[in-house]
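A.B. asks: Please see the structure below; I have some questions.
The values are calculated or read from the model by the stated rules, or taken from the named source; none is laboratory data. All of these numbers come straight from a predicted model, not from anything done at the bench. All Cβ positions, even for glycine, are placed from backbone atoms using ideal geometry, and neighbour counts span all protein chains on display. Each accessible area value is taken on the protein alone, full model and side chains, heavy atoms only, with ligands, DNA and RNA left out. Shrake-Rupley method; radii C 1.70, N 1.55, O 1.52, S 1.80 Å.
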Amino acid sequence: HSFPTRRSSDLDYDFTLEYTDQECPKSFDIKNYFADDLSISYESPKISTGEQFYEFIGKNLVYPAKARREGIQGKVDLIFDLTKDGVIENVRVKKGVHVVLDKEAVRILRKVKFSSPPKIKGQPQTLCANASISFRLG
């Protein structure tokens, strides 16, 4: 998988990382927040550009040069709120790898824009959600 190369000056890393060991409350049994689940009448939020969630991540993720040079790779686990307005808020790192990969994972999640919110039985919901973003070299 080739990652887009951009100068780091084009990327917005001007935010503070927040780490947590909190879990999402188990109010709904949603396995994948970004896929519809008809068995529980769940409609996932739709990305305004039309891609699937992980497709959007893959297209927009930038492998940090420092991580590439130093051979740093791994999976960053994130927890965040998916609001009834279709906005991702309150992004926290549940399991980080290295500050440069953690920052890129949070940056890319903050870029996701939805055209519709998550819905259960047709009603917009605010949900606590999880996502994992993997960084692999070669």
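A.B. asks: Roughly to the nearest percent, how much of the accessible area of the chain is carbon and sulfur, given a 1.4 Å probe?
C.D. replies: 47 percent
A.B. asks: Does the chain come out rounded, prolate or oblate, given a ≥ b ≥ c as the square roots of the eigenvalues of its C-alpha gyration tensor, rounded meaning a/c under 1.5 and, failing that, prolate meaning a/b above b/c?
C.D. replies: Note, shape of the chain comes out prolate.
A.B. asks: In whole angstrom, how long is each semi-axis of the equivalent ellipsoid of region 57-99, when you take the square root of 5 times every eigenvalue of its Cα gyration tensor and sort them from largest down?
C.D. replies: Here the semi-axes work out to 25, 13, 7 Å.
A.B. asks: Among THR83, GLY71, VAL100, pick out the residue whose Cα is farthest towards the positive end of the charge dipole of the chain, where Lys and Arg carry +1 and Asp and Glu carry -1 on C-beta, about the Cα centre.
C.D. replies: Of THR83, GLY71, VAL100, it is GLY71.
A.B. asks: If DNA, RNA and ligands are ignored and the probe is 1.4 Å, what is the ranking of SER41, SER115 by accessible area, most exposed first?
C.D. replies: Largest accessible area first, the residues go SER115, SER41.
A.B. asks: Let me ask another. If R₀ is 35 angstrom, what is the calculated FRET efficiency for the pair ASN90 and ARG68, using the beta carbon separation as r and rounding to 0.05?
C.D. replies: Efficiency, rounded to the nearest 0.05: 0.75.
A.B. asks: Continuing with this model, one more query. Given the Cα atoms of region 87-138, and with Rh set as the inverse mean 1/r over their pairs in the Kirkwood sense, what is Rg to Rh to two decimals?
C.D. replies: Result: Rg/Rh = 1.05.
A.B. asks: Another one. How big is the charge dipole of the chain about its Cα centre, in debye rounded to the nearest 20, if each Lys and Arg gets +1 on its Cβ and each Asp and Glu gets -1 on its Cβ?
C.D. replies: It comes to approximately 400 debye.
A.B. asks: Within straight cross-link reach of LYS121, meaning Cα distance under 21 Å, which lysines are found once same-chain residues fewer than 8 apart are removed?
C.D. replies: List returned: LYS26, LYS31, LYS46, LYS84.
A.B. asks: Could you do me a favour and compute the accessible area per residue for the chain, 1.4 Å probe, result in Å²?
C.D. replies: 57 Å²
A.B. asks: Next question. Among the chymotrypsin sites (Phe, Trp or Tyr not before Pro) within region 69-138, which fall in a DSSP loop and have no more than 16 other Cβ atoms within 10 Å of their own Cβ?
C.D. replies: In loop regions of region 69-138 (DSSP not H, G, I, E or B), there are no sparsely surrounded chymotrypsin sites (Phe, Trp or Tyr not before Pro).
A.B. asks: Okay, next question. Could you pull out every one of the lysines with an alpha carbon less than 18 Å from that of LYS95, ignoring same-chain neighbours closer than 8 positions?
C.D. replies: Result set, ordered by chain and number: LYS75, LYS103.
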